[in-house]
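Here the structure comes first, spelled out in structure tokens, and everything after it is commentary.
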Amino acid sequence: MPPDIDRRTRATGETVSGLEAVYLSNRPALLRFLRARGAGARAEDLVQELWLRIAAPPRAPIVDPLNYLFRAANNLMVNAYRGETRHEARNDAWGDMTAGHESDAWGAIVARQEIALARQRLQAAGQRVLDIFFLFRAEGLTQREIAARYGLSVSAVEKDIQRGYRALAALKDETHG
């Protein structure tokens with residue numbers, strides 16, 4: 001029995017009766033019951049909470065006080081478990097939600113930076129290389145169509161596309177090791 005309950009009942013000279021008396025005489029059994037049901041270290045807190053709840057006068061007569069206490073102890077444990085489960089679910093949902101947004105935003109930032117670097121590297125190979133590479137890879141034009149548009153031979157277009165690929169391969173080697 002907790003020292004604070006023991007001192008309070010003895011120091012005031014009160015005689016404990018009714019539900020409180022049943023609680024005090026069965027407190028060890030209530031602790032064992034809660035531990036067996038999975039409350040673990042939380043059993044002490046739950047039994048103390050039960051004491052606080054029964055300290056208020058009951059609204060109606062209690063026919064079987066011992067059964068009432070065990071049922072109330074079980075309900076407290078179930079409510080605590082549900083509260084913890086909801087709390088964990090909220091935290092998980094919040095973490096998933098923010099992680100998704102953060103990773104999406106971070107991914108977008110990284111992608112923009114990589115595109116800018118690729119564009120710079122292609123530009124360094126020459127404006128025509130950049131334009132031809134873009135038309136070939138992004139627009140999907142054939143080498144023959146690009147050659148006709150620029151008035152070049154297909155071989156010249158092929159060489160510009162190869163220069164673009166080499167520039168991007170060098171960039172990849174530099175940034176990704």
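Coordinate-derived values only; no laboratory data. Note that the structure is predicted; figures quoted are calculated from it, not measured. Backbone-built Cβ (ideal geometry, glycine too); neighbour counts: all protein chains shown.
Overview of results
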{"read-out": "Potential extension, L31-Q113 segment - 0.36 nm per residue separation minus Cα distance", "value": "23.5 nm"}
{"read-out": "Modelled FRET efficiency - R0 35 Å, L24 with A93, Cβ distances, 0.05 increments", "value": "0.25"}
{"read-out": "Peptides 164-174, 41-51 ordered by average Cβ neighbours within 10 Å, highest first", "value": "41-51, 164-174"}
{"read-out": "Label-point separation, F134 to A170 (7 Å along Cα→Cβ), nm", "value": "2.0"}
{"read-out": "Per-pair calculated FRET efficiency, R0 = 41 Å: A80 and K159 via Cβ, rounded to 0.05", "value": "0.05"}
{"read-out": "Protection-proxy order for peptides 155-161, 113-119, each taking the mean of Cβ atoms within 10 Å per residue, highest first", "value": "155-161, 113-119"}
{"read-out": "Rounded FRET efficiency, nearest 0.05, which uses the C-beta distance separating R71 from A41 and R0 of 22 Å", "value": "0.50"}
{"read-out": "Size of electric dipole in region 35-154: Cβ of Lys, Arg +1 and of Asp, Glu -1, about Cα centre, debye, nearest 20", "value": "160"}
